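Below you'll find the structure, written out as structure tokens, and then a few comments.
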Amino acid sequence: MTITKTHTIEPEDITAVELECKACNSKTVRPLKNQTQVPLRCGNCSALLVREDTRENAALNDLIALLKDFGERRTELGFGLRFHIKGLDESAK
Ligand SMILES: [Zn+2]
């Protein structure tokens with residue numbers, strides 16, 4: 001018999017997003033209750049973080065809006081959604 005321990009996280013558990021600029025490594029944490037848009041430029045060095053007219057920008061903003069909806073229990077899904085977290089399993093090497 002093999003026993004496997006799996007760690008999961010639900011969208012409701014996510015309370016904030018952290019953005020780290022690849023140019024200057026400054027980090028900003030945005031609580032989901034306040035966050036509505038991903039900033040286009042770094043607040044520290046003004047480096048471009050994401051281009052406004054890209055699929056990534058639209059998808060990131062949709063993801064943040066969806067996570068916010070989960071946190072505020074405004075979704076009506078007929079299933080529970082859980083993400084498996086890599087690296088927390090005791091058997092992970
Ligand atoms: Zn920066």
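Every read-out reported here was derived from the displayed coordinates using simple, explicitly stated rules and does not represent laboratory data. Owing to the predicted nature of the structure, the values given are computational and were not obtained by experimental measurement. Reconstructed Cβ throughout: ideal geometry from the backbone, glycine too, with neighbour counts over all protein chains shown.
The angle separating the long axis of helix 55-71 from the principal Cα axis of greatest extent in the chain is about 50 degrees.
For the chain, the list of Cys residues with no other Cys C-beta under 4.7 Å is empty. The charge dipole of segment 8-84, taken about its Cα centre with unit charges on the Cβ of Lys, Arg, Asp and Glu (plus for the first two, minus for the last two), comes to roughly 240 debye.
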